[in-house]
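Let me begin by presenting the structure, written as structure tokens, before commenting on it.
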Amino acid sequence: MEEKEHVHKRRVRYNGTHPKTFQEKYKEQNPEKYAETIEKVIKKGSTPAGMHISICVNEILDFLKIKPGQKGLDATLGYGGHTQELLKCLEGKGHIYALDVDPIEIVKTRERLAAKGFGPEILTIKQINFANIDQVVKEAGRFDFVLADLGVSSMQIDNPERGFTYKSEGPLDLRLNPENGISAAERLIGISEEELQGMLEENSDETYAELIAKEVVKRNRRKDKIETTIQFKETIESALSFLPERERKEAVKKSCQRCFQALRIDVNSEFEVLYSFLEKLPDVLTPGGRVAILTFHSGEDRLVKKSFKTGKKMGIYSEIAEDVIRPSAEECRRNPRARSTKMRWAVKA
């Protein structure tokens, strides 16, 4: 049998002294191989491409007080950084279940954690939406501790093919699971001004919601579909063209951040998913079980705060966080994406 000739694949080359695009940052996407490069990027206050830096790790562990032999749930696996720290606390005794809807990243994270010695004997990973925690409890039983990090992972944001950022050209997708539902681009087709304005205001408090909605609908009428991230950014720029030049750049940047967030929340039904999770949460915790939730915008935080307060009044929770816990100034310096984080916690009665 004739052997196939091995074709050497050259690494991505880039112009200038530093890589600029996601594809060019091959060193950042190989943390085990290029640890020195990773540390340099983090020290500069950036997140390496294809990687996610876990937020509030010390604060989470201080509250959860994990003991060897306990059973826990990481409702939002992501890059696996939090899961890894939770697993370390078990010292090889007990079990953690971890959930994620992203079929692309879940495979990479499973391999990454297995390579660190966290296999199926101590870790069960399931591709399932955390709104369905009641299904997990049927198999696993109740949990001593639960963690939910509601942020979108950096490796999703940074990869232009996923369409989460206005900074790079890519399909306007924004789905956490690109195999389910419709993309953000499809969502915008035929949408009414009223509906889009409501979405932008409700999901992200967008200041110029009415003007941006008008501009999107105007493009739709011209049959000039918004299919890419840059086209959506340009539509926002056009809507804000009336602003004085000195104000426009910053206003467009902030409106892009808010509008992408609003669309992402909509296509992934994030508020509905969170509401379902919070409703089912007490039934998956053991008496005295602890839950910590990280939120990243006011809408999420309001839902969590209200749920915990109501639960305390009804006697479901014996204790709840009276004030939000925020990452330290040092953590925010090293990881600017941590700045908007709020942590709330509760203890099951």
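The values are calculated or read from the model by the stated rules, or taken from the named source; none is laboratory data. Owing to the predicted nature of the structure, the values given are computational and were not obtained by experimental measurement. Cβ: placed from backbone, ideal geometry, glycine included. Neighbour counts: every protein chain shown. Surface areas here come from the heavy atoms of the whole protein model, side chains and all, with no ligands, DNA or RNA. Shrake-Rupley method; radii C 1.70, N 1.55, O 1.52, S 1.80 Å.
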TODO: All but one of (1) farther than 14 Å from Cys56 by Cβ; (2) of a type outside the set (A, V, I, L, M, F, W, C); (3) at pLDDT 95 or above; (4) open to solvent by less than 50 Å² (accessible area, probe 1.4 Å) hold for Gly299, so report the exception by its number.
DONE: (3)
TODO: Scan segment 86-113 residue by residue and report those that are crowded, with 21+ Cβ neighbours inside 10 Å and of a type in the set (D, E, K, R).
DONE: Asp100, Asp102, Glu105
Task: Qualifying positions in segment 319-349 - charged (D, E, K, R), open to solvent by 50 Å² or more (accessible area, probe 1.4 Å) and closer than 17 Å to Leu285 by Cβ - done: Glu319
TODO: Residues that are basic (Lys, Arg) and either in contact with a helix residue (DSSP H, G or I) (Cβ under 7 Å, 6 or more places away or on another chain) or touching a residue at least 40 places away in the same chain (Cβ under 8 Å) (or both): find the helices (runs of 4 or more DSSP H) completely inside segment 249-349 holding 2 or more of those.
DONE: 329-334
Task: Sole residue being β-branched (Val, Ile, Thr) and open to solvent by less than 10 Å² (accessible area, probe 1.4 Å), chosen from Val273, Val284, Val267 - done: Val284
TODO: Grab the helices (runs of 4 or more DSSP H) fully contained in segment 80-174, keeping just those with 1 or more residues being more than 18 Å from Ile53 (Cβ to Cβ).
DONE: 81-90, 105-115, 133-140
TODO: Could you check, for segment 130-138, whether at least one of its residues is within 21 Å of Lys67 (Cα to Cα) and either crowded, with 21+ Cβ neighbours inside 10 Å or not aromatic (Phe, Trp, Tyr) (or both)?
DONE: yes
